[in-house]
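Taken together, the values in this text are just the output of simple stated rules run on the coordinates, not laboratory data. Predicted model, so just to flag it, every value in this text is computed and none were measured. So basically every Cβ, Gly included, is an ideal-geometry build from the backbone, and we count neighbours across all protein chains shown.
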Amino acid sequence: MFRIGLTGGIAAGKSVALARFAELGAVVIDYDVLSREAVAPGTVGLDEVVEAFGPQVLAADGTLDRPALARIVFADDAARERLNAVVHPEVRRLAAEHEAAAAAADPRAVVVHDIPLLVETGDPARFHLVVVVHAPADLRADRLATRGLDPVEAAARIGAQADDAARLAVADVTLDGSGTPEALRTQVDDLWAKVCTELDEESEADA
C-alpha cells in the first residue's frame with residue numbers, strides 16, 4: 001500500500017486534485033467527510049461539541065449547525081483547539097478503518113488521505129508522500145469571495161490554517177493550484193504515473 005497525504009490551503013484547488021486521484025484509481029479518504037461523520041446526530045462527538053459550545057451550535061433538526069460553529073471557532077483560537085480535541089481523534093479512528101479496508105482489498109492500493117489540516121494536526125511522516133496543492137493567499141481569498149464568503153470570514157478561515165511556508169516545508173511534491181482545473185489535473189496525472197512506476201519497480205524487486 002502506498003500512502004499519500006494530500007493537503008493545501010482553503011480554496012487552493014485540493015478538491016480538484018482529490019477528484020482526479022479518485023478517477024485514476026486511488027482510494028481516497030476525505031477527512032472533511034469523516035469530520036461530518038464524527039459529529040453526526042447520535043454520536044458521542046456531537047454530544048461533546050454541544051457540551052463544549054452550547055445548544056446554539058445545534059440546528060432545529062438536531063444536526064450540527066456548521067455555520068454557527070464556524071463563526072465561533074474561526075474567531076477564537078482556543079475554541080478551535082477545543083473543537084479539534086473532540087473531532088480529530090474520532091476522525092483518525094475512522095480514517096484508520098477505511099485504510100485497513102483498502103489494504104485488505106488490495107495490498108498495492110494507493111490511498112490518498114485528504115487532510116486540510118495535515119500540517120496543523122497531522123503527522124506528515126506517516127505518509128510515503130506528502131502532496132501540497134498551493135495557490136497564493138490573495139487568489140484563494142478571491143475564490144472564497146466568488147463562493148459567497150464575505151472578506152472578513154474568508155480572511156479568518158485562511159488565517160486559521162497554517163501559512164504557506166509551513167505547508168510547503170513539509171511537501172514532497174507541490175502542485176500548482178493557481179491555474180485552471182485542467183492544468184491541475186494534468187499535474188496529478190504526471191504524479192500518478194510516477195507513483196505507479198515506483199510501485200511497479202518495487203514489485204519487480206520483490207519478485
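Below are the figures for this structure:
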item: Average projected area [Cα convex hull, segment 139-178], square nanometres; result: 3.1
item: Calculated from backbone phi, Karplus (6.51, -1.76, 1.60) coupling profile of segment 71-80 in Hz, x at Gly/Pro; result: 4, 6, 7, 7, 9, 8, 4, 5, 5, 5
item: Evaluated at q = 0.13, 0.18, 0.19 Å⁻¹: base-10 log I(q)/I(0), Debye formula over Cα of the chain; result: -0.78, -1.35, -1.44
item: Equivalent-ellipsoid semi-axes of segment 111-207, from the Cα gyration tensor, Å, largest first; result: 31, 17, 9
item: Isotropic mean projected area of the C-alpha convex hull, segment 1-122 (nm²); result: 8.1
item: Nearest 10 degrees, 0 to 90: helix 137-146 Cα axis against the chain principal axis; result: 60
item: Extension gain from Asp142 to Asp77, taking 0.36 nm per residue of separation minus the Cα-Cα distance; result: 21.0 nm
item: Antiparallel %, DSSP beta bridges [both residues in the chain], to 5; result: 5
item: Rounded, prolate or oblate (a/c below 1.5 giving rounded, otherwise prolate when a/b exceeds b/c) for segment 64-170 by Cα gyration tensor; result: prolate
item: Per-selection Rg to Rh, segment 39-108 - Cα, Kirkwood hydrodynamic radius; result: 1.11
item: Where labels lie 7 Å past Cα in the beta-carbon direction, separation of Asp206 and Asp61 in nm; result: 4.5
